[in-house]
Amino acid sequence: MVKSTRKPRSRKANGRPKKPYAEFPLYAHLLGYWSAKVKGTIRHYGRWGRVVKGVVTPLPYEAGWQQALTLYKAQVDDHKLGRDSRKKMVNGEVTDSEAAGFRVKDLCNRFRDAKKRKLDNGRLSHRSFAEYEQTTTRLYRVFGGEKLVDELRPADFETLLADISKTWGLVRIGNEITRVKSVFKYGVDNALITKLVPFGSEFKKPDRKEMRKHRATSGGNMMEANELRKLLDALAGNPVAVADEDGEPQAVTLSPSPAVRAMVLLGLNCGFGPTDCATLPREAVNLDAAMIDYARPKTGIERRCPLWPETVAALKAAIAERPEPRQEGVGNLVFLSSRGRQWISGHAAHPVTAAMIHAMKNVGVHREGCGPYTLRHVFRTIADEVPDRVAIDRIMGHADHSMAGHYRERIADARLVAVVEHVRKWLFPASPEGKNGRVA
């Protein structure tokens, strides 16, 4: 092995001080620090000198070792545990730096990093991460990144609520308020801030009375069978009648969209939401048996759903036109976008939601608040006419926390079939039936 002939750089230390007393726990480091080796790591607690052009020059004061000793006593317990300490020396006094001066941008960054780790570990969906990222961006924009968290007051959160309310309805306002509070709770739970900030009386989710009034004025989140058949016809490429600006009917023809049509049918047949469709693996779908076994990505609750013949046909058509995968890890999904990617983006706006709302608007069946989750509302509303809540919950993936739910191990398929066939008769009243209510 060739040895270097280069001489190690030397550093002179002029006037390197001795320990002020024999039991002093620190030593004068060559770089001008009062230091100690704790758990195998050299830690610096103060300065006795400054390095200027490779030469350490003593500082012009004699009390440096006293401040270093004070900081050492404040930090050494953390250092013995192998972690950095939050205690810092500020203007000659030891203070908890993060508790006293933790900024909004620091809290947002730490929260976002924590959620990113959960995303990378598969414990958080892309959709949820995008929403959290949107929330932290809003906090930074409204409050200012340099504002100290401890300086936030109820008036600040009233300003934030006004910003949230500019474009969103009551449901999304409530969800955003929950996410905002989770950011600050994270700060308290992880000792980044000493106490929860005062949100005030106004920064809270809409109560049930407000939600009832909102539903009464908006007409609820429901679509009728004739509207849904019209949407399905349009997505199949068939011309449908749409009223123009003068109220006169005109024929509108959309480009066929087998994937979106199949997703609409999954929403009506099984109560699927946009993420359910976007993450549906092929192994969960048995087209020969007309059955889907697939836990909800949102909650992990098991679901089992018999499929209508219309849904089976739509899934076959979507799979037949499914593009080649162009993204890692998506080859097993039922649905892929036209670019061969998953129907989930890194943005808060869900591509499945955007595609369905676009189709609804083009055929004149869209109302404020309508979207993919409307189909889930439709399924539950009509399915509830069947007196079998247990079967309906199993199809939709709703939790049953009762004692009966704890002991129940399975539900007969005949009960599940009865539920989905009831919804099918409502949507397609002229559909033929075979044995046991299944289509021949």
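The values are calculated or read from the model by the stated rules, or taken from the named source; none is laboratory data. On a predicted model such as this, the values are computed, not experimentally measured, just so you know. Here the Cβ positions follow ideal geometry from the backbone for every residue, glycine too, while neighbour counts run over all protein chains shown.
For the stretch 242-357, please list each of the strands (runs of 3 or more DSSP E) lying entirely inside it that holds at least 1 residues being within 29 Å of residue 411 (Cα to Cα) and charged (D, E, K, R). Spell out how you get there, then give the answer.
On the way: elements: 249-252, 291-293, 304-306.
Of the strands (runs of 3 or more DSSP E) lying wholly inside the stretch 242-357, those with at least 1 residues that are within 29 Å of residue 411 (Cα to Cα) and charged (D, E, K, R) span 291-293, 304-306.
Identify all residues within the stretch 360-373 that are at pLDDT below 95, closer than 18 Å to residue 273 by Cβ and in a helix (DSSP H, G or I); write none if there are none.
372, 373
Within the group 330, 264, 285, which residue is at pLDDT below 95 and surrounded by 13 or more Cβ atoms within 10 Å (Cβ to Cβ)?
Numbers: 264 fails: at pLDDT below 95; 285 fails: at pLDDT below 95.
Only one candidate passes the filter, namely 330.
What are the residues in the stretch 374-399 that are part of a loop (DSSP other than H, G, I, E, B) and more than 17 Å from residue 296 (Cβ to Cβ), if any? Please lay out each step first, then the result.
Filtering the stretch 374-399 down to residues part of a loop (DSSP other than H, G, I, E, B) leaves 384-388, 397-399.
Of everything in the stretch 374-399, those that are part of a loop (DSSP other than H, G, I, E, B) and more than 17 Å from residue 296 (Cβ to Cβ) turn out to be 384, 385, 386, 387, 388.
Working carefully through the options 145, 82, find the one that is small (Gly, Ala, Ser) and touching a helix residue (DSSP H, G or I) at 6+ places or on another chain (Cβ under 6 Å). It would help to see each step written out before you state the result.
Numbers: 82 fails: touching a helix residue (DSSP H, G or I) at 6+ places or on another chain (Cβ under 6 Å).
From the options 145, 82, the qualifying one is 145.
Just to be sure I understand, how many residues within the stretch 274-313 are hydroxyl-bearing (Ser, Thr, Tyr) and closer than 16 Å to residue 259 by Cα?
Kept after step one, since they are hydroxyl-bearing (Ser, Thr, Tyr), are these residues of the stretch 274-313: 275, 279, 294, 299, 311.
Still in the list and also closer than 16 Å to residue 259 by Cα: 275, 279, 311.
Selection size over the stretch 274-313: 3.
I want to confirm something. Restricting to the stretch 160-187 and keeping residues that are exposed (fewer than 14 other Cβ atoms within 10 Å of the Cβ) and hydrophobic (A, V, I, L, M, F, W, C), which single residue is farthest from residue 132 (Cα to Cα)?
Checking each candidate, the answer is 162.
So if I check each of 130, 155, 114, which one is touching a residue at least 40 places away in the same chain (Cβ under 8 Å), closer than 19 Å to residue 204 by Cα and not assigned by TED's automatic domain parsing to the domain that holds residue 299? Before the answer, list the steps.
Values: 130 fails: closer than 19 Å to residue 204 by Cα; 114 fails: closer than 19 Å to residue 204 by Cα.
Among 130, 155, 114, only 155 is touching a residue at least 40 places away in the same chain (Cβ under 8 Å), closer than 19 Å to residue 204 by Cα and not assigned by TED's automatic domain parsing to the domain that holds residue 299.
Sort out which residues of the stretch 167-211 are in contact with an Asp or Glu (Cβ under 9 Å, 6 or more places away or on another chain) and in a loop (DSSP other than H, G, I, E, B), and write them in order of number.
Across the stretch 167-211, the qualifying residues are 168, 169, 191, 192, 193, 194, 195, 197, 200, 202, 203.
Looking only at the stretch 284-310, count every residue that is of a type outside the set (Gly, Ala, Ser) and touching a strand residue (DSSP E or B) at 6+ places or on another chain (Cβ under 9 Å) and tell me the total. Talk me through it step by step, then tell me what you get.
The initial filter retains those residues of the stretch 284-310 that are of a type outside the set (Gly, Ala, Ser), namely 285-288, 291-294, 296-299, 301-310.
Adding the requirement that they be touching a strand residue (DSSP E or B) at 6+ places or on another chain (Cβ under 9 Å) leaves 285-286, 291-294, 302-307.
So the count comes out to 12.
Can you confirm whether the stretch 372-394 contains a residue that is loosely packed, with under 13 Cβ neighbours inside 10 Å and touching a Ser or Thr at 6+ places or on another chain (Cβ under 8 Å)? Outline the logic, then answer.
Let us first name the residues in the stretch 372-394 that are loosely packed, with under 13 Cβ neighbours inside 10 Å, namely 385, 387.
With touching a Ser or Thr at 6+ places or on another chain (Cβ under 8 Å) added as a condition, the list becomes none.
Checking the stretch 372-394: not a single residue is loosely packed, with under 13 Cβ neighbours inside 10 Å and touching a Ser or Thr at 6+ places or on another chain (Cβ under 8 Å).
Does residue 359 satisfy the condition of being under 26 Å from residue 130 (Cα atoms) and among the small types (Gly, Ala, Ser)? Show your work before the answer.
Numbers: under 26 Å from residue 130 (Cα atoms): yes; among the small types (Gly, Ala, Ser): yes.
It is true that residue 359 is under 26 Å from residue 130 (Cα atoms) and among the small types (Gly, Ala, Ser).
Identify the single condition in (1) of a type outside the set (S, T, N, Q); (2) assigned to a loop (DSSP other than H, G, I, E, B); (3) over 23 Å from the mean Cα position of the chain (by Cα) that residue 122 does not satisfy, given that it satisfies every other one.
(3)
I need every pair where a residue in the stretch 184-195 that is without any contact (Cβ under 8 Å) to a residue 40 or more places away in the chain has its Cβ under 7 Å from the Cβ of a residue that is charged (D, E, K, R) and assigned to a loop (DSSP other than H, G, I, E, B), sequence separation at least 6 or different chains.
Once the first residue is without any contact (Cβ under 8 Å) to a residue 40 or more places away in the chain and sits in the stretch 184-195, its partners that are charged (D, E, K, R) and assigned to a loop (DSSP other than H, G, I, E, B) give 188/195.
The rows are residues; the columns are (1) of a type in the set (A, V, I, L, M, F, W, C); (2) outside any helix (DSSP H, G or I); (3) touching a residue at least 40 places away in the same chain (Cβ under 8 Å).
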site: 34; (1), (2), (3): yes, yes, no
site: 45; (1), (2), (3): no, yes, no
site: 76; (1), (2), (3): yes, no, yes
site: 83; (1), (2), (3): no, yes, no
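Go through (1) at pLDDT below 95; (2) touching a helix residue (DSSP H, G or I) at 6+ places or on another chain (Cβ under 9 Å); (3) of a type in the set (Gly, Ala, Ser) for residue 320 and report which single condition fails.
(1)
Quick one: is residue 118 in contact with a Lys or Arg (Cβ under 7 Å, 6 or more places away or on another chain) and modelled with pLDDT under 95?
Working: in contact with a Lys or Arg (Cβ under 7 Å, 6 or more places away or on another chain): no; modelled with pLDDT under 95: yes.
In short, no.
Is the stretch 298-313 home to any residue that is touching a helix residue (DSSP H, G or I) at 6+ places or on another chain (Cβ under 8 Å), loosely packed, with under 14 Cβ neighbours inside 10 Å and within 22 Å of residue 382 (Cα to Cα)?
Within the stretch 298-313, one or more residues are touching a helix residue (DSSP H, G or I) at 6+ places or on another chain (Cβ under 8 Å), loosely packed, with under 14 Cβ neighbours inside 10 Å and within 22 Å of residue 382 (Cα to Cα).
Yes/no matrix, rows are residues, columns are (1) in contact (Cβ under 8 Å) with a residue 60 or more places away in the chain; (2) under 21 Å from the mean Cα position of the chain (by Cα); (3) assigned by TED's automatic domain parsing to the domain that holds residue 169:
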position	(1), (2), (3)
325	no, no, no
331	no, no, no
341	no, yes, no
344	yes, yes, no
350	yes, yes, no
368	yes, no, no
373	yes, yes, no
376	yes, yes, no
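With the requirement that a residue be in contact with a helix residue (DSSP H, G or I) (Cβ under 9 Å, 6 or more places away or on another chain), part of a helix (DSSP H, G or I) and at pLDDT 90 or above, what does the stretch 212-241 give you?
225, 227, 228, 229, 231, 232, 234, 235
Can you tell which of 56, 142 is of a type outside the set (D, E, K, R), out of contact with any Lys or Arg (no Cβ under 9 Å at 6 or more places or on another chain) and either part of a strand (DSSP E or B) or at pLDDT 95 or above (or both)? Quick ask: steps written out before the conclusion?
Values: 56 fails: out of contact with any Lys or Arg (no Cβ under 9 Å at 6 or more places or on another chain).
Exactly one of 56, 142 is of a type outside the set (D, E, K, R), out of contact with any Lys or Arg (no Cβ under 9 Å at 6 or more places or on another chain) and either part of a strand (DSSP E or B) or at pLDDT 95 or above (or both), namely 142.
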